[in-house]
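Have a look at the structure below before the remarks.
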Amino acid sequence: MAIVGELAPDFKLQNQFGEEVSLSSLRGTAVVLVFYPLSFSGICTGELCELRDNLSMFEHSGVKLIGISVDSKFVQAKFAEQEGYKFDLLADFWPHGEVAKSYGVFLEERGIATRATFVIDSEGVLVAKFVNGPGEARSLSDYKKALELVS
């Protein structure tokens with residue numbers, strides 16, 4: 001479970017290029033983890049496209065944006081290519097949803113993560129989180145407020 005004020009749970013997952021990404025390897029850089037239910041679904045695509053279109057907001061704050069879903073790296077690769085995402089999409093594919101579970105946002109009955117965002121400072125400490133239920137899109141203003149905590 002990810003608790004604000006504590007170290008965020010570490011993980012190691014593959015991105016859409018098959019490269020391993022671990023949270024601990026990103027120390028020294030603030031990170032925003034964006035858990036989403038499924039690639040290619042309507043609300044998820046809309047949310048990630050909004051982040052794509054506002055990527056400079058994260059870059060100007062020195063923050064690495066990372067999307068995570070239970071889809072495979074192959075699905076992530078196609079999704080990123082189709083939508084022009086220039087940030088990592090990580091595959092929490094196997095063990096199925098293990099990272100989402102460690103953050104407390106895996107929906108067992110549906111086999112997916114809910115919409116959840118975790119803002120982690122450069123020391124690896126969770127400084128903010130916001131969680132929306134399925135079908136509830138996140139607001140860009142929530143990201144703007146959260147970025148103020150790490151920039």
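The values are calculated or read from the model by the stated rules, or taken from the named source; none is laboratory data. Model, not experiment: these values are computed from the prediction. All Cβ positions, glycine included, derive from the backbone under ideal geometry; neighbour counts span all protein chains shown. Calculation scope for accessible area: heavy atoms of the full protein, side chains included, ligands and nucleic acids excluded. Shrake-Rupley method; radii C 1.70, N 1.55, O 1.52, S 1.80 Å.
Here are some notes:
- Those residues of segment 27-36 which are outside any loop (DSSP other than H, G, I, E, B) and under 15 Å from VAL150 (Cβ atoms), in sequence order: ALA30, VAL31, VAL32, LEU33, VAL34
- Segment 93-151, residues that are assigned to a helix (DSSP H, G or I) and farther than 15 Å from LYS64 by Cβ: GLU98, VAL99, ALA100, LYS101, SER102, LEU140, SER141, ASP142, LYS144, LYS145
- Residues in segment 42-53 that are open to solvent by less than 10 Å² (accessible area, probe 1.4 Å) and in contact with a helix residue (DSSP H, G or I) (Cβ under 8 Å, 6 or more places away or on another chain) were compared, and the one that is nearest to LEU90 (Cα to Cα) is LEU48.
- Residues satisfying the stated conditions in segment 10-21, i.e. surrounded by fewer than 20 Cβ atoms within 10 Å (Cβ to Cβ), within 15 Å of the chain's Cα centre (by Cα) and assigned to a loop (DSSP other than H, G, I, E, B): ASP10, PHE11
- Filter result for the condition that a residue is more than 19 Å from ALA146 (Cβ to Cβ), open to solvent by 40 Å² or more (accessible area, probe 1.4 Å) and of a type in the set (Ser, Thr, Tyr), over SER24, SER56: SER24
- Test: residue in segment 66-78 that is more than 27 Å from GLU6 (Cβ to Cβ), surrounded by 14 or more Cβ atoms within 10 Å (Cβ to Cβ) and among the aromatic types (Phe, Trp, Tyr): no
- Only one of the numbered conditions (1) open to solvent by 60 Å² or more (accessible area, probe 1.4 Å); (2) not in a helix (DSSP H, G or I) is not met by SER39, and that is (1).
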